[in-house]
Amino acid sequence: MKNNFKYIITSLLLTCTLLYNSGCKKVDFGDINQNPNQTTEPITSALLTNGLAGVANIVWDAGGIRTVTGYYAQYFSQTQYTEFSRYSKTSTNMDATYAGSLNDYQKIIDYNTNEETKGKAVANGSNKNQIATARILKAYTYWWLTDLWGDIPYSLALKGNGTIAYDKQQDIYKDLIKELKEAVDQFDAGLTFKGDILFNGNINKWKKFANSIRLLMALQISKADATLGKAEFASALSHAAGLIETSSDNATMAFPGGTYDNNFYNYYNIVVRDDEAVSKTMTDWLSSRNDARINAYGSSTVGFPYGLTRDNATLFANANTNFARPIHPSLRTATSPMVLIGAANVWLARAEAAFRGWTAENQTTTYAKGIEESMKQWGVYNAGALATYMTQPTVDLAGGSVLEKIVNQEWAAWYPNGVRGWSLWRRTNFPTLTAAPGQANAIPRRMAHGNNESGLNPQNWTAGVAGYTVGSEIDSQWGRMWWDN
């Protein structure tokens, strides 16, 4: 019967095609192709949870693109297969993020705003607070994408249009900032939305998260558009909803364990890998300042030399079996939390902005507060020890390069978030990082696209990467994006 039914449908459609000019009308088969056991309405709370479930991967994902950016920021070293830390071309596809979390967030927005479904959305516990949340997460995800690749599909994306053109990074940044501002102002006193595993429906924390993202994005464009950056930084800083300023407001992903474990725990205890290490660049920086975070950032204080050839890396690993694996074991249990954006990051950004003359805040006070919050985040804070720490010539802002000292602390505080640490270095050239030994090229400035874009969206890809040609190489990982020029 099923095969006969398909035959009838095929025959009818073929007949309509052949007789189109004779006026054959469209055949309406009603609901015969609908599965009565499957819901046709999206469960927006589940979409939100699903999107948030992978958001920690933006900070670090085992062996993925975020880990590669950690090599570029020199947070980590490869201990066996060292190609990426020696800058072999990393061609990575970005479409999984569009089809995954970005699509989830867009479905939430569409379902809550479409005239045909928004009434049902409210009845099912959705509301514009959930829309605002989805807009913030969408902006946060796009910020990560554009800081990796530069120009990417944006304004026409997530609309089911197939192959689409790329947007310029400067236009993407401006629109993301607009989205964050509008999302914060969109929250109301309506129903508490469901599915929020980041802030558990706390609207005040969502507002602080959005304002903090906007503040950090504004500082990221300091080299490309200082006028816009200064204005947006001041706007975010003065917003009545506030910023992330204490550890209690940190955007922290909690892991319940079981099927949803901490990323580092999963890497070391489930996947059981051993080819990642804390780089000697990081451990040397920490130890030279008697920085207590060295006891939290890795399993030991023995850093792994950065960018070694495979043979030399194997020799070092065999001779130093206690090299530092990322994150101390006590801080990478199945349920250990992971901070997306913390008070330390915001305070240190405020210190840099004060140095640049963007605000009237005190650069020394905000700088000290940022370091304090970072120590608290990693569980190594001690008031007396911190006071001594701040008097060291390499830390004290009196004397030397003030900007370098502030940015160095920003870099240390972003660990293990390679994308942010790498972006900071690209924007400021601090900290002073030395490229892998024997490499003719410097540290990469962007990610190159995987084969999906060049194969499935060739014309738009060609136009989209035109500005990233270096020598004869198109889509070069040494091409500079807008805010890096």
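The values are calculated or read from the model by the stated rules, or taken from the named source; none is laboratory data. The structure displayed is predicted, hence computed values, not measured ones. Glycine gets a Cβ as well: all are built from the backbone with ideal geometry, and neighbour counts include every protein chain shown. Protein only, heavy atoms only, side chains kept; ligands, DNA and RNA dropped before computing areas. Shrake-Rupley method; radii C 1.70, N 1.55, O 1.52, S 1.80 Å.
So if I check each of 480, 446, which one is under 19 Å from residue 173 (Cβ atoms), open to solvent by less than 70 Å² (accessible area, probe 1.4 Å) and of a type outside the set (Phe, Trp, Tyr)?
446 is the lone residue from the list that is under 19 Å from residue 173 (Cβ atoms), open to solvent by less than 70 Å² (accessible area, probe 1.4 Å) and of a type outside the set (Phe, Trp, Tyr).
Need pairs with beta-carbon distance below 7 Å; first residue touching a residue at least 60 places away in the same chain (Cβ under 8 Å) and outside any loop (DSSP other than H, G, I, E, B) and within segment 281-298, second among the aromatic types (Phe, Trp, Tyr) and open to solvent by 10 Å² or more (accessible area, probe 1.4 Å); sequence gap 6+ or separate chains.
Pairs found: 281/306; 296/378.
Inspect segment 342-361 for any residue being on the phi > 0 side of the Ramachandran plot and surrounded by 14 or more Cβ atoms within 10 Å (Cβ to Cβ) and give the result as yes or no.
no
Assuming residue 25 fulfils every condition listed in (1) surrounded by fewer than 18 Cβ atoms within 10 Å (Cβ to Cβ); (2) at pLDDT 85 or above apart from one, which condition is it?
(2)
Within segment 239-280, restricting attention to residues that are modelled with pLDDT of 95 or more, part of a loop (DSSP other than H, G, I, E, B) and of a type in the set (Val, Ile, Thr), which residue is most open to solvent (accessible area, probe 1.4 Å)?
246
Residue under question is residue 231, and the condition is that it be open to solvent by 70 Å² or more (accessible area, probe 1.4 Å), modelled with pLDDT of 95 or more and not charged (D, E, K, R); does it hold?
It is false that residue 231 is open to solvent by 70 Å² or more (accessible area, probe 1.4 Å), modelled with pLDDT of 95 or more and not charged (D, E, K, R).
For residues that are touching a residue at least 24 places away in the same chain (Cβ under 8 Å), surrounded by fewer than 21 Cβ atoms within 10 Å (Cβ to Cβ) and of a type in the set (S, T, N, Q), tally how many sit in segment 169-209.
4
Kindly establish whether residue 406 is without any contact (Cβ under 8 Å) to a residue 60 or more places away in the chain and surrounded by 22 or more Cβ atoms within 10 Å (Cβ to Cβ).
Numbers: without any contact (Cβ under 8 Å) to a residue 60 or more places away in the chain: yes; surrounded by 22 or more Cβ atoms within 10 Å (Cβ to Cβ): yes.
Taking the combined requirement at face value, the residue satisfies it.
(1) open to solvent by less than 30 Å² (accessible area, probe 1.4 Å); (2) assigned to a loop (DSSP other than H, G, I, E, B): which one isn't true of residue 301, the others all being true?
Going through (1) open to solvent by less than 30 Å² (accessible area, probe 1.4 Å); (2) assigned to a loop (DSSP other than H, G, I, E, B) one by one, residue 301 breaks only (1).
Of all the residues that make up segment 79-94, how many are over 20 Å from the mean Cα position of the chain (by Cα) and of a type in the set (A, V, I, L, M, F, W, C)?
Going through segment 79-94 one residue at a time, the tally reaches 0.
Show the residue pairs that are 6+ apart or on different chains and have beta-carbon atoms under 6 Å apart, the first residue being within segment 439-467 and among the aromatic types (Phe, Trp, Tyr), the second being in a helix (DSSP H, G or I) and surrounded by fewer than 21 Cβ atoms within 10 Å (Cβ to Cβ).
Close Cβ pairs satisfying both conditions: 461/454.
Can you name the residue in segment 47-106 that is assigned to a loop (DSSP other than H, G, I, E, B) and of a type in the set (Phe, Trp, Tyr) and is also surrounded by the most Cβ atoms within 10 Å (Cβ to Cβ) among such residues?
For segment 47-106, the residue satisfying everything is 75.
Looking at (1) touching a helix residue (DSSP H, G or I) at 6+ places or on another chain (Cβ under 7 Å); (2) open to solvent by 10 Å² or more (accessible area, probe 1.4 Å), can you tell me which one residue 213 breaks?
The one condition residue 213 does not meet is (2).
Please go through (1) under 22 Å from the mean Cα position of the chain (by Cα); (2) modelled with pLDDT under 95 for residue 440 and return the number of the only condition it doesn't satisfy.
(1)
Using the structure shown, decide if residue 386 is farther than 19 Å from residue 478 by Cβ, in contact with a Ser or Thr (Cβ under 8 Å, 6 or more places away or on another chain) and surrounded by 15 or more Cβ atoms within 10 Å (Cβ to Cβ).
The answer is no for residue 386.
Tally up the residues in segment 123-155 that are of a type in the set (Lys, Arg) and either crowded, with 22+ Cβ neighbours inside 10 Å or within 29 Å of residue 226 (Cβ to Cβ) (or both), please.
Selection size over segment 123-155: 2.
Are any residues in segment 156-168 open to solvent by 60 Å² or more (accessible area, probe 1.4 Å) and touching a residue at least 12 places away in the same chain (Cβ under 8 Å), and if so, which ones?
Scanning segment 156-168 gives 163, 168.
Looking only at segment 304-339, filter to residues that are of a type in the set (Val, Ile, Thr) and open to solvent by 20 Å² or more (accessible area, probe 1.4 Å); which one of those is nearest to residue 442 (Cα to Cα)? Don't jump to the end; show me each part of the working.
Residues of segment 304-339 of a type in the set (Val, Ile, Thr): 309, 314, 321, 327, 333, 335, 339.
Filter once more, keeping what is open to solvent by 20 Å² or more (accessible area, probe 1.4 Å): 309, 314, 321, 333, 335, 339.
Working: 309: 16, 314: 24, 321: 30, 333: 36, 335: 38, 339: 30 Å.
For segment 304-339, the residue satisfying everything is 309.
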